[in-house]
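The block underneath contains the structure these notes are about, expressed in structure tokens.
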Amino acid sequence: MSDPLAGRDECGILARTDGASIAYRRIVCPACDTPRPTVVFLHGLMSDMEGGKATHLAQHALDAGFSFLRFDTFGHGKSSGAFTDGTIGRWHDDTLDVIDRLTAGPLILVGSSMGGWVALLAAIARPERVKALLLIAAAPDFTEESMWAAMSDAEKTALQRDGIVHLHEGDQTYPVSRALIADGREHLLLRGPIPFAGPVRILQGMRDESVDWPTALAIADRLQTDDVALTLVKDGDHRLSRPQDLARLTRELDVLMEEI
């Protein structure tokens, strides 16, 4: 017998007014006795909605009975556009369009890495909708603090001259555009207070080689809400996608869901 709370994982394409196409997957939970917020997952840089954390939460939504939305931002996954044409502002606009047109009611945003930056921006832009944040190795300001700061003088010169430079981190290569760096400076968050009033939970690995754990402390300090809890995972990496990490993610989300 099927679970009466179980939704259905549906694929779709959201057409934006500029001609771009945003691929998404959505689970809409049938009416429950106690309405629950919709959970929206925001993926990281050069990732997509089919990553381990996103698919884990999708299955949890089906099992537990809540609405869940995940999508590929411009230039990622199955969405249209070239990655090198993407910027933080563009991905922020994608997020607002998706939540405005594909969801209703209160939201919990789950942001991974770059998705944590975009989640914070969305929470500031839609305070009446976003009720809580769950941030995983969140990377606000990474275009300035990680990319620009890591470039040599020769790379900075090449970026200004050619419009693009390729940065290497471990086995990953990131094509970084001049537009990404310039636009990132228009959306920096860690140089002042972050105006969000709801509960925030932060998960951060202490062996993360992409986002150092003091960044999580800085986020907690800048948030204006006092309802912030930070979990440092001593042996955790950037992905935090091991079984024990996914179990921790689920527990944190379930507690937030009950609080909201």
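Quick check on this structure: which one of F142, F71 is among the aromatic types (F, W, Y), in contact (Cβ under 8 Å) with a residue 12 or more places away in the chain and within 25 Å of V233 (Cα to Cα)?
On the way: F71 fails: within 25 Å of V233 (Cα to Cα).
Testing whether each residue is among the aromatic types (F, W, Y), in contact (Cβ under 8 Å) with a residue 12 or more places away in the chain and within 25 Å of V233 (Cα to Cα) leaves just F142.
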Quiz item: Can you pull out the residues in segment 213-228 that are out of contact with any strand residue (DSSP E or B) (no Cβ under 9 Å at 6 or more places or on another chain) and more than 18 Å from I124 (Cβ to Cβ)?
Solution: P214
Practice problem: Inspect segment 21-28 for any residue being more than 18 Å from L256 (Cα to Cα) and at pLDDT below 95 and give the result as yes or no. | Solution: yes
Exercise. Search segment 78-104 for residues that are at positive phi and pair each with any residue that is small (G, A, S) when their beta-carbon atoms are under 6 Å apart and the residues are at least 6 apart or on different chains.
Key: G81/A20; G81/G75
Quiz item: Out of L249, L203, L167, L188, which single residue is of a type in the set (A, V, I, L, M, F, W, C), part of a strand (DSSP E or B) and touching a residue at least 40 places away in the same chain (Cβ under 8 Å)?
Solution: L203
Exercise. Tell me which residues, restricted to segment 191-200, are within 16 Å of V130 (Cβ to Cβ), assigned to a loop (DSSP other than H, G, I, E, B) and touching a Lys or Arg at 6+ places or on another chain (Cβ under 7 Å).
Key: G198
Quiz item: Can you tell me which residues in segment 152-186 are within 17 Å of I88 (Cβ to Cβ) and hydroxyl-bearing (S, T, Y)?
Solution: Y174, S177
Self-check item: Those residues of segment 135-164 which are part of a helix (DSSP H, G or I), aliphatic (A, V, I, L, M) and in contact with a Leu (Cβ under 8 Å, 6 or more places away or on another chain), in sequence order
Solution: M147, A150
Quiz item: Tally time: how many residues in segment 214-246 are outside any helix (DSSP H, G or I), surrounded by fewer than 18 Cβ atoms within 10 Å (Cβ to Cβ) and out of contact with any helix residue (DSSP H, G or I) (no Cβ under 6 Å at 6 or more places or on another chain)?
Solution: 11
Quiz item: Could you list, in sequence order, the residues of segment 10-53 that are crowded, with 16+ Cβ neighbours inside 10 Å and without any contact (Cβ under 8 Å) to a residue 40 or more places away in the chain?
Solution: V28, C29, D48, M49
Practice problem: Could you list, in sequence order, all residues of segment 170-181 that are part of a strand (DSSP E or B) and either at pLDDT 95 or above or surrounded by 13 or more Cβ atoms within 10 Å (Cβ to Cβ) (or both)? | Solution: Y174, P175, V176, S177
Exercise. Tell me, please, whether a residue that is of a type in the set (S, T, Y) and buried (at least 23 other Cβ atoms within 10 Å of the Cβ) can be found in segment 146-159.
Key: no
Quiz item: So which residues in segment 223-250 are within 14 Å of L135 (Cα to Cα), of a type in the set (D, E, K, R) and over 18 Å from the mean Cα position of the chain (by Cα)?
Solution: D227
Practice problem: May I ask you to list the residues in segment 54-81 that are surrounded by fewer than 18 Cβ atoms within 10 Å (Cβ to Cβ) and of a type in the set (V, I, T)? | Solution: T55
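The values are calculated or read from the model by the stated rules, or taken from the named source; none is laboratory data. A quick note: this is a predicted structure, and the numbers were derived from the prediction, not measured. Methodologically, a virtual Cβ is constructed for each residue, glycine included, from the backbone with ideal geometry; neighbour enumeration extends over all protein chains shown.
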